[in-house]
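Worksheet: the structure to be examined is printed underneath.
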Amino acid sequence: MAQKIFLNSRESDFTLNRICCQLNETHFPWNNSVIVGLQPRGSQLASAIIYRLERDFNINKVPSGLLDSTFHRDDFRRRNEPISAKPNDMSVLIEGKQVILIDDVLYTGRSARAALDALGDYGRPLKVELCVLIDRRFSRELPIQPDYSGHRVDAIADERVTLDWSDDFSPKVLIENSSHAEKH
C-alpha cells in the first residue's frame with residue numbers, strides 16, 4: 001500500500017490552532033456550547049482541540065462529551081464484520097446548547113448523519129455544527145458540509161485518508177493508495 005504524508009505534525013499543529021481560534025471566536029465564553037467527539041476517530045481530535053482551547057485561551061473547562069453513532073448508521077446491518085461500539089460519555093447537557101460535532105475526516109457524510117440521529121437521544125440542541133480536520137469534498141453521498149475544516153483533500157476513491165496520532169496532540173495526515181482500501 002503506497003502512502004504519502006499530506007500534513008506532517010507541525011502543519012497539523014498550525015491547522016488545529018487555526019480551528020481553535022475559529023471555534024473560540026464563535027463560542028467564547030463556552031457557557032452555551034458543547035464539543036462532542038464522534039467515536040472512535042473524532043474523540044482524539046476533540047481531545048486535542050479541547051486541550052488547546054483550555055491551554056491557549058485560558059478556558060477553565062470546555063463542556064464536552066463522546067458519542068458513538070454506530071447503531072444509527074444506515075449501513076449498520078450491511079457490514080460483514082462484527083461491529084464494536086465505543087461507550088458514550090454524554091454526561092453533559094445539550095438541550096438548548098450549541099453543539100460542535102468533531103470528527104477526523106468527512107467523507108460520504110453518513111457518519112455525520114448518523115451522529116445527528118444519535119445526538120437526538122440526548123436532547124434537542126439549539127444548533128449543531130460540524131468540525132473536521134479533513135474534508136474529502138468530492139466524495140459526499142449526502143448533502144452535509146463542515147462548518148469548520150482544516151484542509152480539503154481531493155482524494156480519489158482508491159485513496160484512504162487517515163490520521164496518525166503518534167504525537168498525541170498533532171497528528172500526521174496520511175493518504176494511502178490501495179485498490180482494496182476500506183472506505184472512510
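The values are calculated or read from the model by the stated rules, or taken from the named source; none is laboratory data. Model, not experiment: these values are computed from the prediction. Positions of Cβ are backbone-derived with ideal geometry, glycine not excepted, and every protein chain shown enters the neighbour counts.
List of remarks:
- Any hit, region 137-152, residues being small (Gly, Ala, Ser), at pLDDT below 95 and on the phi > 0 side of the Ramachandran plot: no
- Of all residues in region 24-38 being touching a helix residue (DSSP H, G or I) at 6+ places or on another chain (Cβ under 8 Å) and polar (S, T, N, Q), the one that is nearest to residue 114 (Cα to Cα): 33
- Among the residues of region 1-55, those that are under 25 Å from residue 123 (Cβ atoms), of a type outside the set (A, V, I, L, M) and not in a helix (DSSP H, G or I) comprise 28, 29, 30, 31, 32, 33, 37, 39, 40.
- Residues in region 56-95 that are at pLDDT 90 or above and acidic (Asp, Glu): 56, 68, 89, 95.
- Residue check, residue 106 in contact (Cβ under 8 Å) with a residue 24 or more places away in the chain and either of a type outside the set (Lys, Arg) or surrounded by 22 or more Cβ atoms within 10 Å (Cβ to Cβ) (or both): yes
- Verdict on residue 129 being assigned to a strand (DSSP E or B), of a type outside the set (A, V, I, L, M) and at pLDDT 90 or above: yes
- Single condition residue 164 does not satisfy, out of (1) farther than 23 Å from residue 26 by Cβ; (2) in contact with a strand residue (DSSP E or B) (Cβ under 9 Å, 6 or more places away or on another chain); (3) touching a residue at least 24 places away in the same chain (Cβ under 8 Å): (3)
- Selection count, region 37-57, where residues are in contact with a strand residue (DSSP E or B) (Cβ under 7 Å, 6 or more places away or on another chain) and not polar (S, T, N, Q): 8
- Every condition in (1) within 15 Å of residue 69 (Cα to Cα); (2) touching a residue at least 24 places away in the same chain (Cβ under 8 Å) is met by residue 121 except one, and the failing one is (2).
- Residue 110 out of contact with any strand residue (DSSP E or B) (no Cβ under 9 Å at 6 or more places or on another chain) and more than 13 Å from residue 67 (Cβ to Cβ): yes
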